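Okay, structure first, notes after.
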Amino acid sequence: MIISIVNQKGGVGKTTTATNLATALAACANDVLVVDLDPQGNASTGFGISQSDRKSNIYDIFHGARMDGVIIKTMIPHLDIISANINLVAAEMELASVHNREFVLKKALLSVSKKYDYIIVDCPPSLGLLTINALTASDKVLIPMQCEFYALEGLSHLLKTIELVRKGLNPSLTIQGILLTMYDKRNKLTEQIEDDVRAYMGKLVFKNVIPRNVRISEAPSHGKPVMIYDHKCSGAISYMHLAREILG
C-alpha cells in the first residue's frame, strides 16, 4: 500500500507523522519504504541520513535512475528510505515539460512496490507537481491537520485537489484519514476544532490524535524518530496507536 502524507500548509506534522508512522509500522514487522519528496529533506534528517549519504536521491528517480540505486537502509529493521536534498527544487520545473509528467513517480514505485508492505511518501508543503505525482502514485492519502482555525480553510482546498486527482489521474485514490496533530486538550480552541472536523468529516477522522509533546520536537535533532528516541513518551505511544488503527 502506498500512503501519501499531504497538507499544503507547512508545520502541521507531515514529516513527524511520516517518520514515526513508518517506524511504528516497521515495529509491527512490516517492510516499509519512506520516500522523502520534500526538498528540505527533513524526513531524511529525521532518520539520521547525512547529506553525504544523499548523493543518490529521489531527484535522480525523476531523471530515470533505478530505484535500487537510491534506496538506503535506516537504523531501523524493516525500514528503508529514499532521501531528498535541495536539488529536488529543480524537479518541479523540469517535470513541466515531461510527457505524462504526473506518472513519473508511480512508474518508479511500481518496480519496488511488491517488496514493501507500506510505502510512505512525505510530500512537500505545496500542491505542485511533486505532490500531484505522489497522489497519482498512491492508494491512500493521510492528512495531518493542526488544531487551529485556518487549518479548516486549507482542508477544504486540499479535498478539492484530491477529488480532481481522483477524477483525472487516479480513480482508486481514497482518504486514509485526517490526523489531528499538536493536540492540546487544555486549549478550548483545540476542542472546538476537533468537534467541527469530526462533525464535518465523520469517520474519516482518526480516533487517535497526536498530542503536543516536547520529545517529538527533540527527536529529529538526534536523527531519530521519537519512537526510538523515547518510546515511552506520549507522542511515541500515540503514533503506535495510529499504526494499529491503520492496520485495522
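Numbers below:
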{"item": "Sequence of Phe47, Phe206, Phe149 once ranked by neighbouring C-beta atoms within 10 Å, starting from the fewest", "result": "Phe149, Phe206, Phe47"}
{"item": "Neighbour-count ranking [beta-carbon atoms within 10 angstrom, fewest first] of Ile72, Ile58", "result": "Ile72, Ile58"}
{"item": "Within the chain, percent of DSSP bridges classed antiparallel, to nearest 5", "result": "10"}
{"item": "Relative exposure of His222, His63, His241, judged by other C-beta atoms within 10 Å (fewest first)", "result": "His63, His222, His241"}
{"item": "Segment Leu164-Asn100, extension gain: residue separation times 0.36 nm, minus the distance between their alpha carbons", "result": "21.4 nm"}
{"item": "Environment charge of Ser44, counting only residues whose C-beta is closer than 15 Å and scoring Lys/Arg +1, Asp/Glu -1", "result": "-1"}
{"item": "Contact order relative to length of the chain, as percent, for alpha carbon pairs under 8 angstrom and 6 or more apart", "result": "26"}
{"item": "Within a Gaussian network of the chain (alpha carbon springs, distance under 10 Å), most fluctuating of Gly48, Gly235, Gly168", "result": "Gly168"}
{"item": "Net charge contributed by nearby residues that have their C-beta within less than 15 Å of Ile2 (K/R +1, D/E -1)", "result": "-1"}
{"item": "Binned Cα-Cα distances of the range 50-123, short to long, each 10 Å bin given as a whole percent", "result": "17, 53, 27, 3"}
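Rule-based calculations on the coordinates, nothing more; no lab input. Because the structure is a prediction, the values reported are computed rather than measured. Don't worry about glycine lacking a Cβ; one is built from the backbone with ideal geometry, like all the others, and counts go over all protein chains shown.
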